[in-house]
Amino acid sequence: MSSQEEILSDGRFSCVTRDPRFWEMPEKERKIKIDKRFQAMFHDKKFKLKYTVDKRGRPVNYTSAEDLRKFYALSESDSDLSENDSKEHTEKKIKKKNSKPKGEADS
C-alpha cells in the first residue's frame, strides 16, 4: 500500500477527498481567456524574456513566453459571440423601425 492510499484511508483525512477546496482546478477554468486583440503577446519580442539562471542561481533554458502560454488561453468563441450579439442587436433595431405602431390604421 502506498503512502497516498494510507493517508486517504485514514479516517482523520477522509474528508479531504470530498472537500472541493482541495480539488485540482480544471485547466479550462485555470487559464484566463484573452481575445484575439492580444494574441501578439505570445510571439512578440517585447513580451519575451530569456532567462539564463533561476531565482536561486541555477542555470536554466527558459523564456517568459512559456509562462504566458501556461496562464493565458486565446479565446476564439468570445469574440465570435460578441460579433453575433452585435449583429442580432442591430437586426432587432431594424425590425422595430420597420414595424408599424398599434394605433395607426392600414389604408
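Do the conditions hold for Ser3, that is, is it open to solvent by less than 70 Å² (accessible area, probe 1.4 Å) and among the hydroxyl-bearing types (Ser, Thr, Tyr)? It is false that Ser3 is open to solvent by less than 70 Å² (accessible area, probe 1.4 Å) and among the hydroxyl-bearing types (Ser, Thr, Tyr). Of the residues in the stretch 13-44, how many are open to solvent by 80 Å² or more (accessible area, probe 1.4 Å) and in a loop (DSSP other than H, G, I, E, B)? Residues in the stretch 13-44 being open to solvent by 80 Å² or more (accessible area, probe 1.4 Å) and in a loop (DSSP other than H, G, I, E, B): 4 in total.
Within the stretch 51-70, being of a type outside the set (A, V, I, L, M, F, W, C), touching a strand residue (DSSP E or B) at 6+ places or on another chain (Cβ under 8 Å) and surrounded by 10 or more Cβ atoms within 10 Å (Cβ to Cβ) holds for Tyr51, Asp54, Tyr62, Thr63, Ser64.
The values are calculated or read from the model by the stated rules, or taken from the named source; none is laboratory data. All figures in this text were calculated on a predicted structure; none of them were measured in a lab. Glycine gets a Cβ as well: all are built from the backbone with ideal geometry, and neighbour counts include every protein chain shown. The protein model used for the area step is the full one, side chains on, heavy atoms only, and it has no ligands, DNA or RNA in it. Shrake-Rupley method; radii C 1.70, N 1.55, O 1.52, S 1.80 Å.
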